[in-house]
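Visitor: Quick one: this structure, given as structure tokens, is what I'll be asking you about.
The values are calculated or read from the model by the stated rules, or taken from the named source; none is laboratory data. These numbers come from a predicted model, not from an experiment. Here Cβ is always computed from backbone atoms with ideal geometry, including for glycine, and neighbour counts include all displayed protein chains. Accessible surface is based on the protein model in full, side chains and every heavy atom, while ligands, DNA and RNA are left aside. Shrake-Rupley method; radii C 1.70, N 1.55, O 1.52, S 1.80 Å.
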Amino acid sequence: MIKHRLAAVKNSVFIGLGIGILVPGILLSIVWYLMQKFEYLAKADLLLIGCIAVNAVFMHYFFKLNKDNIGRGIISATFLWAFAFFFYKINRS
């Protein structure tokens, strides 16, 4: 049922950009909270990369549905998240 609803989504780069920013953003906020709450997770930056890597699953799914513009938007959002992570790592050192 969800698959059919996602297949009906308009093929737009902006929708892909929204998906690519929103989904990892929610996951990152949860992981960030856990990293602040539990000391042994404070240096587990690989968790942050995993949250961004979720975009690869969505990108693959939309490319299989021939929604290329949505996939391109997700790729763009992934690059934005990668730059944000890069600046986070530079400022943290």
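Visitor: Only helical DSSP H runs with n ≥ 4 go in: add -39500 (n - 2.57) per run for the chain, normalise by residue count and round the 222 nm mean residue ellipticity to 500 deg cm²/dmol.
Guide: Result for the chain, helices only: -27500 deg cm²/dmol.
Visitor: Something else about it: Can you pull a Stokes-Einstein diffusion coefficient for segment 22-93 at 10 °C (1.306 mPa s), Rh from Kirkwood over Cα pairs, as a whole number of µm²/s?
Guide: Approximately 122 µm²/s, per Stokes-Einstein.
Visitor: Give me the 1.4 Å probe accessible area per residue for the chain, excluding ligands and nucleic acids, in Å².
Guide: On a per-residue basis, 70 Å².
Visitor: Rounded to a whole number, what % of the accessible area of the chain do carbon and sulfur atoms account for, probe 1.4 Å?
Guide: Here carbon and sulfur together make up 72 percent of the probe-accessible area.
Visitor: Another question, if that's okay. Treating cross-link reach as a plain straight distance, find the lysines whose alpha-carbon is under 26 Å from the alpha-carbon of LYS10, omitting any fewer than eight places away in the same chain.
Guide: Counting by Cα, and skipping residues close in sequence, LYS10 has these lysines nearby: LYS64, LYS67.
Visitor: Shifting gears a bit: Return the single residue from ILE21, ILE75, ILE30 with maximal mean-square fluctuation; model: Gaussian network over the chain, springs between Cα atoms under 10 Å.
Guide: For the chain, modelled as a Gaussian network with Cα springs under 10 Å, the answer is ILE30.
Visitor: Suppose every Lys and Arg Cβ carries +1 and every Asp and Glu Cβ carries -1, with no other charges. What dipole size does the chain come out with about its Cα centre, to the nearest 20 debye?
Guide: Rounded to the nearest 20 debye, it is 220 debye.
Visitor: List the trypsin sites (Lys or Arg not before Pro) within the chain that fall in a DSSP loop (any state other than H, G, I, E or B) and whose Cβ has at most 10 other Cβ atoms within 10 Å.
Guide: LYS10, LYS43
Visitor: Within segment 20-93, list the chymotrypsin sites (Phe, Trp or Tyr not before Pro) lying in a DSSP loop whose Cβ has at most 11 other Cβ atoms in a 10 Å radius.
Guide: PHE38
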